[in-house]
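**Q** I'd like to ask some things about the structure below.
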Amino acid sequence: MTESAAGKTQEKREALVESFFHGTGDTYDRNVHLATWGRDKQWKEELLTYVKEPSHILDLACGTGILALEMARRYGCKVTGVELRAEYLDLCAERAETAGFAERCRWINANAEEIMLDEQFDTITSCYIPKYVNLNVLVPNMVKMLAPGGLFIMQDFAYPSEKWVQDIFDGHFGRMKQLINGDGWDVMWEELPDVLRRTNWIADTERNMKEQGLLDVTVVQQSRGLSALVYGRKPSA
């Protein structure tokens, strides 16, 4: 792919995220709970079982801070959250201040594919971003910022392989549109199912992690394949 074509593809991805999430900060937490059949917290809890005594975590597409702030609270560590939407970061900052650990949290308004910080993190996490990004760019960049022995773990929706689960999936977002119509969510319910059917994020993440030399790269299916985790660890120095 030429540099020009790659740039246009990235612009399309950013436009898609903009169309999905513009103006949704105040309703995101409730609706992500409903859109995941109430399993978002369960999926994040499973992700956290792989996180061991972190000192500084980088959380990509941190959204309203659901995972980032829980990790700051649970581990007493520093957390850097990266998010494309400034309105979401405003909520993160407010919540960190209210919780009393704002001094351990940093919020960066940036595209996750483009960010490159001159520091290393012992843990890099992300929820719901892989389907929107160029993993051939993002994974190598994250591995560069991952400390020796560090964990890189990503979670996202997946399109299930079992027919009866596919039937549940296929009807779910239509029901969501009837339940929650407006507040910027209409486009999400209409277009997200096709995005999830087309994405190869699980295989692409697994391949890229292995190509970048991460060890013990593993795919974990969640909730009959409605979600997945992919993780690997950087070799120790």
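**Q** Checking F121 against (1) in contact with a Leu (Cβ under 8 Å, 6 or more places away or on another chain); (2) over 26 Å from M209 (Cβ atoms), which single condition isn't satisfied?
**A** Here F121 clears every test but (2).
**Q** If you don't mind, there's one more thing I want to ask. Out of curiosity, is E94 among the charged types (D, E, K, R), surrounded by fewer than 22 Cβ atoms within 10 Å (Cβ to Cβ) and over 18 Å from I57 (Cα atoms)?
**A** When the stated conditions are applied, E94 passes them.
**Q** Check region 158-179 and report whether any residue there is within 18 Å of the chain's Cα centre (by Cα), part of a strand (DSSP E or B) and either closer than 30 Å to H56 by Cα or of a type in the set (D, E) (or both).
**A** For region 158-179, residues within 18 Å of the chain's Cα centre (by Cα), part of a strand (DSSP E or B) and either closer than 30 Å to H56 by Cα or of a type in the set (D, E) (or both): absent.
**Q** Do you know which of the residues in region 137-185 that are under 19 Å from L196 (Cβ atoms) and of a type in the set (D, E) is surrounded by the most Cβ atoms within 10 Å (Cβ to Cβ)?
**A** Checked region 137-185; the qualifying residue surrounded by the most Cβ atoms within 10 Å (Cβ to Cβ) is D156.
**Q** If you go through region 59-110, how many residues are touching a residue at least 60 places away in the same chain (Cβ under 8 Å) and over 21 Å from F152 (Cα atoms)?
**A** Count: 5.
**Q** Follow-up. Filtering region 186-237 down to residues that are in contact with a strand residue (DSSP E or B) (Cβ under 7 Å, 6 or more places away or on another chain) and without any contact (Cβ under 8 Å) to a residue 24 or more places away in the chain, which residue is surrounded by the most Cβ atoms within 10 Å (Cβ to Cβ)?
**A** Ranking the candidates gives V217 first.
**Q** Let me ask something additional. Somewhere in region 72-82, is a residue more than 20 Å from A228 (Cα to Cα), in contact with a helix residue (DSSP H, G or I) (Cβ under 6 Å, 6 or more places away or on another chain) and in a loop (DSSP other than H, G, I, E, B)?
**A** no
**Q** Answer yes if at least one residue in region 151-161 is farther than 29 Å from W185 by Cβ and in contact with a strand residue (DSSP E or B) (Cβ under 6 Å, 6 or more places away or on another chain), and no otherwise.
**A** yes
**Q** What do you reckon, is F121 buried (at least 16 other Cβ atoms within 10 Å of the Cβ) and either of a type in the set (S, T, N, Q) or over 23 Å from A147 (Cα atoms) (or both)?
**A** Spelling it out, it is not the case that F121 is buried (at least 16 other Cβ atoms within 10 Å of the Cβ) and either of a type in the set (S, T, N, Q) or over 23 Å from A147 (Cα atoms) (or both).
Yes/no matrix, rows are residues, columns are (1) in contact with a His (Cβ under 8 Å, 6 or more places away or on another chain); (2) modelled with pLDDT under 95; (3) not in a strand (DSSP E or B):
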| position | (1), (2), (3) |
| --- | --- |
| C92 | no, no, yes |
| R95 | no, no, yes |
| T98 | no, no, yes |
| E103 | no, no, yes |
| E113 | no, yes, yes |
| D122 | yes, no, no |
| S126 | no, no, no |
| K131 | no, yes, yes |
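The values are calculated or read from the model by the stated rules, or taken from the named source; none is laboratory data. Here the structure is a predicted model, which means the values were calculated and not measured. A quick note on method: Cβ atoms are made from the backbone with ideal geometry, for glycine too, and the neighbour counts reach across all protein chains shown.
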